[in-house]
Amino acid sequence: MRLFIAIDFHAEFRMKLVALRDELRMESMQGRFTPSENLHLTLAFLGECDDKQLGEAKSAMDRVEFKPFSIHIGRIDRFRRRGGDLWWAGVSENQPLTQLHAELTDNLREAGFQIEKRRFSPHITLGREIVTNASPRLIEKFGQTVESVKLMKSERIAGKMVYTSIYEKSSRSSSLLNQS
Ligand code: ATP
Ligand code: MG
């Protein structure tokens, strides 16, 4: 199974991302745009895993402790690609998110996963292979609270990418943390 760990979105936040995606679609000559239900923020890509690695991934998630925190979208931008760019919504600088990513990837590396060493640049892919005259831009900020991270299975079914949550690690409120 192909696995990754991601932040899933609330309905209202997802709708705002869909509006950004649709605006970009209107401005584009070509592209494969992310279906609403597939929008997510990847924290770690694990790739092909067996059952043992599945268990290790869950345990790496169990060992991160975080309190609920907010994420905000403040701009859209692109990664240049031959044949069409990948466009994304950028998550603003965020200490709790950076810390969560660092702890998670440390745990995963300890468990033997090869996690990419590139600096974490949190982004939400809105579409791929996009040809457009649009320019990267700042947008009116919107956000949501993050209460959990999810282990996602990625499959291609009848030509479509399908992501299914198979495990979830929840945050703890500070009052609960104080009790333990
Ligand atoms: P497709 O590859 O078919 O276009 P996808 O990229 O959405 O679809 P996956 O390749 O399964 O699906 O990737 C799942 C998530 O992990 C996506 O957010 C993707 O950007 C990210 N990802 C995939 N490969 C890597 C990688 N090598 N390094 C970092 N992140 C990755
Ligand atoms: Mg991919």
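Since every read-out is calculated from the coordinates, none of them should be taken as a lab result. Model, not experiment: these values are computed from the prediction. As a convention, Cβ positions derive from the backbone with ideal geometry for all residues, glycine included, and neighbour counts pool all protein chains shown.
At 7 Å along Cα-to-Cβ for each site, give me the label-to-label distance between residue 173 and residue 141 in nm.
Using points 7 Å along Cα→Cβ, the separation is 2.5 nm.
Can you report the principal axis dimensions of segment 31-118 using only the alpha carbons, biggest first, rounded to whole angstrom?
Over segment 31-118, Cα extents along the principal axes are 37, 30, 26 Å.
How long is the gain from residue 32 to residue 77 if the chain were fully straight, where each residue apart is worth 0.36 nm and the alpha carbon distance is subtracted?
My answer for the length gained is 14.6 nm.
Over the Cα atoms, compute the radius of gyration (one decimal) and Dmax (the largest Cα-Cα distance, rounded to a whole number) for segment 86-126, in Å.
11.8, 32
If you stretched the chain out fully between residue 48 and residue 92, how much longer would it get, using 0.36 nm times the residue separation minus the C-alpha to C-alpha distance?
Working it through step by step, the gained length comes to 12.8 nm.
Report, to two decimal places, the Cα Rg of the chain normalised by 2.2 N^0.38 Å (N = number of residues).
Details: Rg = 16.8 Å, N = 180, 2.2 N^0.38 = 15.8 Å.
Here the Cα radius of gyration is 1.06 times the empirical estimate.
Compute for segment 74-159: radius of gyration divided by Kirkwood radius, i.e. Rg/Rh, restricted to C-alpha atoms, rounded to two decimals.
Ratio of gyration radius to Kirkwood radius: 1.01.
To test your reading of the geometry: what angle, between 0 and 90 degrees and rounded to tens, separates the Cα axis of helix 95-110 from the longest principal axis of the chain?
So the helix axis and the longest Cα principal axis differ by about 60 degrees.
Which of 64, 114, 86 sits farthest toward the positive end of the charge dipole of segment 22-180, with +1 on the Cβ of Lys and Arg and -1 on the Cβ of Asp and Glu?
86
At q = 0.13, 0.16, 0.17, 0.24 Å⁻¹, what log₁₀ I(q)/I(0) does segment 1-71 have when each alpha carbon counts as one equal point scatterer in the Debye sum?
Scattering profile of segment 1-71, log10 relative to I(0): -0.56, -0.76, -0.82, -1.10.
Which links in 52/153; 16/117; 67/169; 58/150; 16/169; 117/150 stretch past 19 Å when you go from one Cα to the other?
Where the Cα-Cα span goes over 19 Å, the pairs concerned are 16/117; 16/169; 117/150.
Plugging the Kirkwood radius over Cα pairs into Stokes-Einstein for segment 108-157, at a temperature of 20 °C and a viscosity of 1.002 mPa s, what D comes out in µm²/s?
Translational diffusion coefficient: 136 µm²/s.
Subtracting the Cα-Cα distance from 0.36 nm times the residue separation, let me have the gained length for residue 65 to residue 2 in nm, one decimal.
Fully extending the segment from residue 65 to residue 2 adds 20.2 nm.
Have a look at 132, 105, 34 and tell me which one the Gaussian network model of the chain (Cα, springs below 10 Å) gives the largest fluctuation.
132
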